[in-house]
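These notes are about the structure you will find just below.
The values are calculated or read from the model by the stated rules, or taken from the named source; none is laboratory data. Remember, predicted model here, so these are calculated numbers, not experimental data. So basically every Cβ, Gly included, is an ideal-geometry build from the backbone, and we count neighbours across all protein chains shown.
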Amino acid sequence: MTSAGRGPARPGPASGAGLASSAVPPVPISWPAGVSAAACLTFDMDAEAPILTADISSINRMTPMSHQSYGPLVGVPRILELLGRHDIKATFFVPGYSAHRYPEIVRRIAEAGHEIAHHSYFHENTIGMDEKTEAAMLDLGLRALSDTAGVRPIGYRAPMWEMNYHTPRLLAERGFEYDSSLMDSDHPYLLAVGETRDAGTLVEVAVSWGLDDWEQYAYLPGLTGPGVIESPAKALEMWVLELEAMHQLGAAFVLCCHPFLSGRPSRAAVLERLIERMKSLDGLWITTVGAVAKHTASLNLAPRTCPQPALPTDAYWVARPPD
Ligand SMILES: [Zn+2]
């Protein structure tokens, strides 16, 4: 569409005052001696929770439930064996409900020396969730990880990576040290949870949809997924390209896999190919998200903000969010 015939554009009564974002661009961090970039393998042990959250009536569907239980029953043991063979420590984000359902495998993950982090209670849909409910969800998830595996996690990942603007403060109030749900950086950074540093900070270890196996493999008729199951060879190609580029940047590569998806045989085999490529890159620190967060916190960086967008006041046709 063109503006032909409408005459010259006239400036509006306001000129965007108050709309400019105050966010500063993220910058590369310095790594420990001998390290040029980091790579983290992360596994979200979601099991049944996200499917039940998407459609609670699926609780009566035996086959989809069995598809999800494949994760803790078959996928996680296969992944633990793979990680052990390569002497790699990974981060497992575990919903409290999954810990309650499969406590034995959660204990095995912890006993193998991997990091266990918080991933909600029931993989709740957190979009628009009020603070009180979200706080209760966080507390119930903490209790579940403590009761089943004796773990007090330092890290959090929001279900479906959906953070609310109040979530960082709720995490800081509970002593969490990092989050891994936001998407505005290739590099870890310090996130201010309020207007001032006094309100507390978290380390943010950012993620991206291109490094999530859900988009490649998830397929449950009538429940989730794009309806196409991609070849593991294509997923490997994408992830290696991103790994190599992030290594060049000195960034933190964070791959998110789900044991009910990437625990399948040919997909686990591809994870091994990815690990072999990681090991071949000079100065790449293959570690947990918690270790990256602890290192980042030690740098005493100036905290960044991730401010909520403001809306123009002089454009009545722009929709407003509900109260
Ligand atoms: Zn998840």
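Some observations on this one:
- Long-range neighbours under 7 Å by Cβ, at least six apart or interchain, first residue within 14 Å of Glu124 (Cα to Cα) within the stretch 38-50, second assigned to a loop (DSSP other than H, G, I, E, B) and more than 12 Å from the ligand (Cβ to nearest atom): Ala47/Tyr102
- The set of residues in the stretch 18-36 being on the phi < 0 side of the Ramachandran plot and in contact with a Phe, Trp or Tyr (Cβ under 9 Å, 6 or more places away or on another chain) consists of Pro26, Val27, Ile29, Trp31, Pro32, Val35, Ser36.
- Selection status of Ala144, surrounded by 14 or more Cβ atoms within 10 Å (Cβ to Cβ), away from the ligand (no atom under 16 Å from the Cβ), of a type in the set (A, V, I, L, M) and farther than 21 Å from Lys294 by Cβ: no
- Test: residue in the stretch 265-283 that is of a type in the set (Ser, Thr, Tyr), in contact with a Pro (Cβ under 6 Å, 6 or more places away or on another chain) and under 18 Å from Leu41 (Cβ atoms): yes
Residue-wise test of (1) under 21 Å from Tyr217 (Cα atoms); (2) small (Gly, Ala, Ser); (3) touching a residue at least 40 places away in the same chain (Cβ under 8 Å).
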| site | (1), (2), (3) |
| --- | --- |
| Pro64 | yes, no, yes |
| Leu73 | yes, no, no |
| Glu81 | no, no, no |
| Ile88 | no, no, yes |
| Gly96 | no, yes, yes |
| Ile116 | no, no, no |
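- Which numbered condition Pro321 fails, given (1) modelled with pLDDT of 95 or more; (2) farther than 27 Å from His114 by Cα: (1)
- Of all residues in the stretch 213-231, those that are on the phi > 0 side of the Ramachandran plot have Cβ atoms under 7 Å from Cβ atoms of residues that are part of a loop (DSSP other than H, G, I, E, B) and at pLDDT 90 or above, 6 or more apart or on another chain, in Gly225/Ala218; Gly225/Tyr219; Gly227/Tyr219.
- Residue that is farthest from the ligand (Cβ to nearest atom), among those in the stretch 96-122 that are under 19 Å from Ile79 (Cβ atoms) and not in a helix (DSSP H, G or I): Gly113
- Some residue of the stretch 175-186 being away from the ligand (no atom under 16 Å from the Cβ), acidic (Asp, Glu) and assigned to a helix (DSSP H, G or I): no
- Qualifying residue in the stretch 65-76 (condition: away from the ligand (no atom under 16 Å from the Cβ), at pLDDT 90 or above and in contact with a Gly (Cβ under 8 Å, 6 or more places away or on another chain)): yes
- Residues that are closer than 22 Å to Pro26 by Cβ and out of contact with any Asp or Glu (no Cβ under 9 Å at 6 or more places or on another chain), drawn from the stretch 251-285: Val254, Gly283, Leu284, Trp285
- Boolean, Pro95 is of a type outside the set (Gly, Ala, Ser) and either modelled with pLDDT under 95 or crowded, with 22+ Cβ neighbours inside 10 Å (or both): yes
- Comparison of Pro153, Pro168 shows that the only residue that is within 23 Å of Ala38 (Cβ to Cβ), out of contact with any Ser or Thr (no Cβ under 6 Å at 6 or more places or on another chain), within 16 Å of the ligand (Cβ to nearest atom) and touching a residue at least 12 places away in the same chain (Cβ under 8 Å) is Pro153.
- Residue in the stretch 152-159 that is outside any helix (DSSP H, G or I), surrounded by fewer than 17 Cβ atoms within 10 Å (Cβ to Cβ) and at pLDDT 95 or above present: yes
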